[in-house]
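Contents: one structure, followed by commentary.
Any read-out appearing in this document is the output of simple, stated calculations on the displayed coordinates, not a laboratory observation. Predicted model only: the values in this text are computed from it and were never measured. Ideal geometry is used to build each Cβ from the backbone, glycine not excepted, and the neighbour counts take in all protein chains shown.
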Number of protein chains: 2
Amino acid sequence: IDVGSPATSHWVREVWEFVREDTDRVIFSLKAGLAVLLVSLLILIRAPYNVFGTSIIWSILTVALMFEYTVGATFNRGFNRALGSLFAGILAVLVMQVAMACGQIVEPYIIGFSIFIIGAATSFMKQLPSLAPYEYGFRVTLFTYCLIIVSGYRMGSPARTAMNRLYSIAIGGLVAVFVNALVFPIWSGEQLHRELVGSLHAVANSLEECVKKYLADDGSSLPEFSKTVADDFPDEPAFRKCRKMLNSSAKFETLASSAKWEPPHGRFRQFFYPWPEYVKVGAVLRYCAYEVMALHGCLHSEIQAPYNLRCTFQPEILDAANQAAELLRSLAKDINSMKWSLHGNLLKRVHSSTERLQRSIDMHSYLLTSTHEIHDCPAKLPESQDMSDQPKESESKNEQNNLSNAKLEQAESYHEAMRKQQRRLYSWPSREVDDFEDEDVDNKIIQKMRAFESTAALSLATFTSLLIEFVARLDHLVDATDVLAKMAKFKKEYTS
Amino acid sequence: IDVGSPATSHWVREVWEFVREDTDRVIFSLKAGLAVLLVSLLILIRAPYNVFGTSIIWSILTVALMFEYTVGATFNRGFNRALGSLFAGILAVLVMQVAMACGQIVEPYIIGFSIFIIGAATSFMKQLPSLAPYEYGFRVTLFTYCLIIVSGYRMGSPARTAMNRLYSIAIGGLVAVFVNALVFPIWSGEQLHRELVGSLHAVANSLEECVKKYLADDGSSLPEFSKTVADDFPDEPAFRKCRKMLNSSAKFETLASSAKWEPPHGRFRQFFYPWPEYVKVGAVLRYCAYEVMALHGCLHSEIQAPYNLRCTFQPEILDAANQAAELLRSLAKDINSMKWSLHGNLLKRVHSSTERLQRSIDMHSYLLTSTHEIHDCPAKLPESQDMSDQPKESESKNEQNNLSNAKLEQAESYHEAMRKQQRRLYSWPSREVDDFEDEDVDNKIIQKMRAFESTAALSLATFTSLLIEFVARLDHLVDATDVLAKMAKFKKEYTS
């Protein structure tokens with residue numbers, strides 16, 4: 001192989017990245033090599049070979065099929081293998097006794113029939129949703145049963161065949177379990193813990209990225225949606241992580257069910273550590289992430305609020321999003337360090353910044369509705385300010401006054417921007433289906449334009465509503481994390 | 001077992017339901033039983049036993065580990081097994097020759113070292129994302145290599161051991177493949193096809209269910225969000241199917257990669273049938289479904305548009321949703337029957353009903369913004385009607401006039417309803433974090449109330465925006481399905 005060629009070096013770099021991302025991967029490989037080497041020694045060295053004989057090759061098979069990435073998964077698979085083999089062994093011996101009692105002619109028929117029945121039964125049962133996690137156990141039952149009963153038939157003494165098989169499987173299983181659990185163990189629990197923390201960060205980053213793009217971009221540079229679906233939004237790494245997280249429910253459940261098999265270890269020194277709570281927090285987090293998906297949908301929507309209008313509410317939107325992201329990161333930090341601080345202050349800040357956003361939307365809601373009414377607005381604005389202009393809050397109100405005036409100026413240019421965006425707006429719907437009536441076209445277009453403009457402006461309301469809904473769901477996330485912290489006995493911290 | 005006990009009968013009913021849902025499951029079980037029976041016969045009957053000897057038990061193992069649900073998956077697994085075994089066999093014979101040439105003392109060291117290297121290398125490579133689909137192949141390579149080299153070392157003639165092993169694996173593999181493909185075959189392609197059609201129906205049903213609930217319910221009977229997250233929205237079967245579909249991307253990809261292994265069959269008589277296109281249509285459909293998730297989020301949001309306001313736009317919302325669902329169902333029907341009609345008319349109808357919704361929102365947008373301005377509205381309404389009151393469209397305009405008047409009446413009672421909902425609205429945010437300032441509370445509350453009211457009203461705008469965005473994404477779905485139809489050579493139909 002030519003190491004200098006670009007394809008090879010690209011591949012080497014890829015493998016190197018893969019290793020650097022998680023060095024446990026190399027450790028696992030070396031452990032797997034060690035485990036098969038250890039069982040092979042039982043044949044390669046003369047002393048154990050004289051004791052066990054060639055049936056020890058079943059140990060090698062067991063190690064190769066049973067050695068999983070994490071300790072919990074290996075335990076789980078070992079349990080499946082042990083129970084399946086044991087059940088198959090007992091059943092095979094019983095059926096063999098019955099068959100032998102029935103005489104030599106009937107014997108093969110009984111054996112054949114029993115093999116068919118066991119094959120069909122295990123294949124059916126492993127499909128049942130409630131038994132699906134034990135799929136491997138059913139596979140083991142099937143082939144162990146066949147092997148024992150068939151070789152018993154040809155070589156006699158099925159009980160001895162069964163025993164031989166079982167103890168070599170047991171040796172293989174024990175080697176696999178010991179190597180996996182004692183040599184640089186990789187714990188499912190630790191992985192689950194890290195996965196949850198990573199998911200919280202992913203959602204926080206994705207939210208910030210999405211809001212930042214929404215406010216920064218004037219819409220012209222956004223590629224078309226259909227294209228970006230295909231090539232996976234290459235310029236939005238945080239979004240891709242968040243979307244990956246949406247598909248991780250199966251991963252969470254697998255890790256949690258493996259983690260249940262693991263003894264207390266490392267940071268998780270409690271018996272019956274509440275692993276299922278991680279899955280629940282993950283589920284609530286996923287519900288928050290759905291809102292981020294919807295926000296992202298707004299960002300790439302073909303009907304877009306004009307840039308100026310988005311700028312009008314920039315400080316409030318940005319503040320709310322940043323506060324929400326901060327809360328998520330604080331949750332992630334707490335879970336990561338297994339400490340628990342009260343999140344009251346942070347929640348307070350998120351809520352008040354969301355309220356500020358709501359109030360701002362409320363005060364300038366005329367901007368969101370039909371643009372042809374824009375000239376009535378200045379008359380209305382003072383009235384809404386009169387109502388809220390109380391002496392006790394004069395400072396913050398002054399701020400708001402300035403804000404309002406700035407917004408008013410922006411609103412003037414907004415109408416202008418709207419006209420510029422016309423072409424883009426009119427390009428929706430993208431398929432030409434509206435050219436069937438040619439009478440009164442001009443009037444129709446004007447009407448349609450107005451409806452589009454209104455929808456476009458309201459899309460900002462959609463964006464903020466989704467953001468507010470995201471914040472509302474954070475309450476549930478904090479609650480779920482609270483439960484986790486209590487059950488896992490995180491250390492309490494009172495400085496928040 | 002007491003068959004009459006409620007637990008048993010419940011379990012029996014569950015199994016029965018599982019079978020009735022898809023009878024292929026029983027067929028698969030019987031086929032698996034048949035396959036193991038067939039290979040077992042090679043030992044049970046004397047003639048083949050005299051030819052093959054006991055090494056035929058490896059065929060049983062092969063069948064048990066290789067027999068998969070669909071034809072494509074079995075082919076794929078068989079390919080992995082064949083290539084893995086072949087590679088392992090060749091490598092084992094080569095290493096054995098080298099080891100034997102090095103002399104008796106060094107021999108076991110070389111063998112042990114090679115086992116460790118192979119164990120570590122296969123375990124590492126099967127983790128690489130690009131090689132992950134061949135995971136089973138690497139497992140097979142590992143244990144076949146160990147078995148051949150170890151038993152070769154103890155029994156001599158590794159080449160003969162390897163040959164024996166390989167042909168018994170080949171026999172097992174052939175039996176598995178033939179039984180799977182010739183006796184009531186279950187095709188991945190057929191499953192993928194059905195899965196896509198089912199997903200289209202799931203999204204259509206979920207959309208209709210969600211919109212219906214949104215319009216029918218006055219909000220008081222909706223259970224709290226956090227509770228329903230836990231118990232999975234029991235009263236929304238269509239939504240649960242849709243959510244399941246969101247997590248089905250892995251399933252689509254597995255089926256498509258299995259389907260590639262299948263020869264032309266049944267309805268799919270074309271070589272290189274475009275299975276990957278199914279995955280693409282599924283991806284675009286998932287993007288549509290994210291909007292349904294967001295709509296569902298609106299439905300269960302704690303900040304809710306008042307019932308009256310929702311009723312105001314009921315006909316338009318309902319019409320748009322129904323049209324969109326009909327388009328989805330028509331796509332599903334077309335794919336199902338492998339025909340292709342032009343969906344221009346349906347798209348036209350969806351777009352025009354969406355436009356009607358946009359126009360209606362535009363005309364009555366004052367309802368969505370600050371409620372304290374409601375008394376200015378009647379004065380503004382005629383103006384917007386003047387603009388659109390063109391003689392040529394008098395009929396539809398009259399309709400709209402009546403509609404507008406009705407809406408005006410509803411708007412009056414809307415203010416009333418708003419007051420009633422106050423308690424519910426004020427319950428948000430659900431955590432008590434706002435009681436830190438006690439000065440000027442009344443005024444603050446009034447201000448806050450107004451902001452909440454505005455947000456609540458705007459939540460209707462959010463709902464409609466999401467619906468419109470859903471419709472916009474349908475264009476992409478139709479495009480993707482168009483490509484599929486062309487590449488799969490669906491029969492064209494010109495009556496739409």
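Gain on full extension, evaluated as 0.36 nm per residue between B:L174 and B:K489 minus their Cα-Cα distance, stands at 110.1 nm. Here r is the Cβ-Cβ distance between A:V15 and B:H10 and R0 is 51 Å; the resulting FRET efficiency, rounded to 0.05, is 0.50. Taking the Cα centre of the range B:52-211 as origin and assigning +1 to Lys and Arg Cβ atoms and -1 to Asp and Glu Cβ atoms, the resulting dipole is close to 700 debye.
Modelled spin labels at A:F271 and B:I90, positioned 7 Å past Cα toward Cβ, are 5.5 nm from each other.
Here is how far apart the A:M155 label points are across copies: 1.0 nm, shortest first, using a point 7 Å from Cα toward Cβ. Within the shell defined by Cβ-Cβ distances under 10 Å, the residues around A:H201 carry a net charge of +3, with Lys and Arg each +1 and Asp and Glu each -1. Ranked by the mean number of other Cβ atoms within 10 Å of their residues, highest first, the peptides A:44-51, B:345-352 fall in the order B:345-352, A:44-51. Taking the Kirkwood radius as the inverse of the mean 1/r across Cα pairs, report the Rg/Rh of the range B:248-369. Radius of gyration relative to Kirkwood radius: 1.11.
Translational diffusion of the range B:240-317, estimated by Stokes-Einstein from the Kirkwood radius over alpha carbon pairs at 10 °C in a medium of 1.306 mPa s, is 102 µm² per second.
In the range B:137-184, inverting the average of 1/r over every pair of distinct C-alpha atoms gives 12.0 Å as the Kirkwood radius.
Rg and Dmax over the alpha-carbon atoms of the range A:1-137 stand at 22.2, 71 Å. Each Lys or Arg adds one and each Asp or Glu subtracts one; over the other residues with Cβ under 10 Å from the Cβ of B:A294, this totals -4.
What the Cα convex hull of the range A:96-187 gives, in volume per residue, is 98 Å³. Note on A:35-48: average number of Cβ atoms from other chains within 10 Å of each residue's Cβ is 5.
The range A:1-75 gives an Rg/Rh value of 1.18, both radii derived from C-alpha positions and Rh following Kirkwood.
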